[in-house]
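The values are calculated or read from the model by the stated rules, or taken from the named source; none is laboratory data. The model shown is predicted, which means the values in this text are computed figures rather than measured ones. Quick reminder, even Gly has a Cβ in these numbers, built from the backbone with ideal geometry, and neighbours come from all protein chains shown.
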């Protein structure tokens, strides 16, 4: 769950990290009003969740009110990487002396958070780590020990920077870790962290991602659905099997319309999931149901699916492949109530469906 | 790490509805479920298995190798801490949706106490014809038949599919080891591979991976140490970039972690790759030296 730049910066501010003066605008008039309050040159930043937003034309600068209006109007009309711009952050333009980088993220390999920093920020950190890895300092974090000021002081002792700045960076790092921990983030990143000409340290851009399963959030109970471009509907149990079903459909010449899985606890909500799919995609050519039950009981899923199929009087071809927990009863139900054979192999089921569409 | 088919099991959360369904299946299959725990239900029995209020009491009365946690995601951290502190050396965490910061804490505690963690979001383990430690349909013989291959899988449902293919090939399964579908899991492919190096029951290994993370890539770096044929199938070739595909861990970030990059790396390290699951059973038949 990615926060917008504005939301991310608001969090930084709550933890005492300096951010540029700025305000959100929903219209170009808002943008002008905001710019008047800020005085001087401003930056207009599209609040879309797209990477490399600057390169994609999502950041503009304006020197006077006329320019603010024009450029805001322009931004509201453009799409940044396919996303419509609905909000613009109007911010003071900073007098930049240096650009640093700080982040804490989940390191899946080490199974711990990792802290990264460099005094060559403002660039893509992946690129920098490939081209100039010596310029990046990093530290694996033991979550029992946490992060204290001495960690940041030590890490940045590698760079030739003023003591006063180093001290402030260390403070920012401890606050970043507090955010990471307290908000259950998987990434907190400041890029760039600006050192202004009068040596203020300000987070000019920020990206925060929150764990969608974070303990303070409500569990997500909506179907795990992802729309795709094709016309063959897919419903399977479990993420791995659903992806495999998509792959096989593609392999045999079809084009998947979606990813939809009813594994785990979702097996009790298969009816809701199928209804959702049919509401979202009303021009499916056919549907493949691929169940290989472990925890998810295929008979209970099948019962729900048959009800939806009958209730909605679905006419398009549906191919069933059912194995695993509850398979005997599930297969019998399809035979008795839909008068249809159930396939034992996935490829056979997909092949048959593609033949009949 | 304990990958033996003879493990004494405690079930944490044994009185839950789903737990009861699966514990019955496990016991019928021959699994040594020696105790259960459920706060407030101490002194009762389920299927002749004694229930204790705390794990510590169970440990006092029984030899326990592994705990299986039938615990809802948000309570997993506390339950895992309880088991770790009680001295249990291996935990199988089934729940899907455990907060990732809780998983990090559990892994840190486990390091302190030298405990092995499988999961979260793992389907557990199956030792065909002998025992089952989790939520796989072990009793279906066309899926799980005893043989000589070990399967390591991130996914339960796809793990089923692959098990079925291996059973179909006639080679059969020595052990099925569920790794888990979360972005962060306790034990990875790499660690299990090394453990299987000297396992006399295992003559070949099948890795069932998917897009996201770099667990498959890390395993590939160690393959030269394993003197057994290794096969793999990777799901998610048609998945879009930047969207988690059901599993929290199945997410392509930047240019790394795509299914095709994993397939290339594994193949370049000598793994025999199957393009489809059906193909896997044919490949096994042709390549596996029985």
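How many residues are part of a helix (DSSP H, G or I), in contact with a strand residue (DSSP E or B) (Cβ under 7 Å, 6 or more places away or on another chain) and loosely packed, with under 15 Cβ neighbours inside 10 Å when one looks only at the range A:141-181?
1
Please work out if residue A:130 is touching a residue at least 24 places away in the same chain (Cβ under 8 Å), loosely packed, with under 14 Cβ neighbours inside 10 Å and more than 19 Å from residue A:169 (Cβ to Cβ).
No: the conditions fail for residue A:130.
I need the full set of residues from the range B:91-115 which are away from every other protein chain (no Cβ under 14 Å) and buried (at least 24 other Cβ atoms within 10 Å of the Cβ), in order please.
Result: B:91, single match.
All but one of (1) part of a loop (DSSP other than H, G, I, E, B); (2) more than 22 Å from residue B:154 (Cβ to Cβ); (3) within 12 Å of chain B (Cβ to nearest Cβ) hold for residue A:268; state the number of the condition that does not hold.
Looking at each condition in turn, residue A:268 falls short on (1).
So, in the range A:192-226, how many residues would count as being assigned to a loop (DSSP other than H, G, I, E, B), more than 7 Å from chain B (Cβ to nearest Cβ) and within 26 Å of residue A:125 (Cβ to Cβ)?
Matching residues across the range A:192-226 total 6.
Could you grab me the full set of residues in the range A:237-250 that are under 24 Å from the mean Cα position of the chain (by Cα) and either outside the structural domain of residue A:305 (by TED's automatic domain parsing) or in a helix (DSSP H, G or I) (or both)?
Within the range A:237-250, A:239, A:240, A:241, A:242, A:243, A:244, A:245, A:246, A:247 qualify.
Any residue that is in the same structural domain as residue A:14 (by TED's automatic domain parsing), over 28 Å from the mean Cα position of the chain (by Cα) and at pLDDT 95 or above - is there at least one of those in the range A:178-195?
yes
Report yes if some residue within the range B:170-184 is at pLDDT 95 or above, on the phi < 0 side of the Ramachandran plot, more than 9 Å from chain A (Cβ to nearest Cβ) and part of a loop (DSSP other than H, G, I, E, B); otherwise report no.
yes
Residues of the range B:116-161 being farther than 24 Å from residue B:219 by Cβ, crowded, with 24+ Cβ neighbours inside 10 Å and over 12 Å from the mean Cα position of the chain (by Cα), which ones?
Matches in the range B:116-161: B:137, B:138, B:143.
For every residue, the table says whether it meets (1) over 17 Å from residue B:21 (Cα atoms); (2) in contact (Cβ under 8 Å) with a residue 24 or more places away in the chain; (3) more than 11 Å from chain A (Cβ to nearest Cβ).
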site: B:134; (1), (2), (3): no, yes, no
site: B:139; (1), (2), (3): no, yes, no
site: B:142; (1), (2), (3): yes, yes, no
site: B:151; (1), (2), (3): yes, yes, yes
site: B:155; (1), (2), (3): yes, yes, no
site: B:162; (1), (2), (3): yes, yes, no
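Of the conditions (1) in contact with a strand residue (DSSP E or B) (Cβ under 7 Å, 6 or more places away or on another chain); (2) more than 9 Å from chain A (Cβ to nearest Cβ); (3) not in a loop (DSSP other than H, G, I, E, B), residue B:195 fails just one. Which one is it?
It is condition (1) that residue B:195 fails.
State yes or no: is residue B:219 under 24 Å from residue A:51 (Cβ atoms) and buried (at least 22 other Cβ atoms within 10 Å of the Cβ)?
Considered against the rule, which asks whether it is under 24 Å from residue A:51 (Cβ atoms) and buried (at least 22 other Cβ atoms within 10 Å of the Cβ), residue B:219 comes out as no.
May I ask you to list pairs of residues, at least six apart or on different chains, whose Cβ atoms are under 6 Å apart, with the first in the range A:321-346 being within 13 Å of chain B (Cβ to nearest Cβ) and the second being at pLDDT below 95 and part of a loop (DSSP other than H, G, I, E, B)?
Within 6 Å, the pairs are A:324/B:137; A:325/A:297; A:325/B:137; A:326/A:297.
Mind checking whether some residue in the range A:227-236 is outside any loop (DSSP other than H, G, I, E, B), over 21 Å from residue B:250 (Cα atoms) and at pLDDT 95 or above?
Checked the range A:227-236: at least one residue is outside any loop (DSSP other than H, G, I, E, B), over 21 Å from residue B:250 (Cα atoms) and at pLDDT 95 or above.
Could we say that residue A:308 is surrounded by fewer than 21 Cβ atoms within 10 Å (Cβ to Cβ), closer than 21 Å to residue A:221 by Cα and in contact with a helix residue (DSSP H, G or I) (Cβ under 7 Å, 6 or more places away or on another chain) here?
So residue A:308 passes the test.
Give me the residue from the range B:225-266 that is at positive phi and within 9 Å of another protein chain (Cβ to nearest Cβ) and, out of that set, nearest to the chain's Cα centre (by Cα).
If we take residues in the range B:225-266 being at positive phi and within 9 Å of another protein chain (Cβ to nearest Cβ), then B:246 is nearest to the chain's Cα centre (by Cα).
Looking only at the range A:251-261, decide whether some residue is surrounded by fewer than 20 Cβ atoms within 10 Å (Cβ to Cβ), within 14 Å of another protein chain (Cβ to nearest Cβ) and part of a helix (DSSP H, G or I).
yes
For (1) surrounded by fewer than 24 Cβ atoms within 10 Å (Cβ to Cβ); (2) at pLDDT 95 or above; (3) over 25 Å from residue B:122 (Cα atoms), each residue gets a yes or a no:
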| position | (1), (2), (3) |
| --- | --- |
| A:249 | no, yes, yes |
| A:269 | yes, no, no |
| A:285 | yes, yes, yes |
| A:289 | no, yes, no |
| A:295 | no, no, no |
| A:302 | no, yes, no |
| A:327 | yes, no, no |
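Of the numbered conditions (1) outside the structural domain of residue A:61 (by TED's automatic domain parsing); (2) surrounded by fewer than 17 Cβ atoms within 10 Å (Cβ to Cβ); (3) not in a strand (DSSP E or B), residue A:122 satisfies every one except a single condition; which is it?
(2)
Looking at (1) crowded, with 24+ Cβ neighbours inside 10 Å; (2) assigned to a helix (DSSP H, G or I); (3) within 9 Å of chain A (Cβ to nearest Cβ), find the lone condition where residue B:213 falls short.
So the condition that residue B:213 fails would be (2).
When the range A:206-237 is examined, which residues are found to be more than 30 Å from residue A:298 (Cβ to Cβ) and in contact with a strand residue (DSSP E or B) (Cβ under 6 Å, 6 or more places away or on another chain)?
Across the range A:206-237, the qualifying residues are A:206, A:207, A:208, A:209, A:210, A:211.
Name the helices (runs of 4 or more DSSP H) wholly within the range A:1-107 that hold at least 2 residues that are within 19 Å of the chain's Cα centre (by Cα)?
In the range A:1-107, the matching helices (runs of 4 or more DSSP H) lie at A:5-14.
Given the conditions (1) touching a residue at least 60 places away in the same chain (Cβ under 8 Å); (2) at positive phi, and given that residue A:101 satisfies all but one, which numbered condition is not satisfied?
(2)
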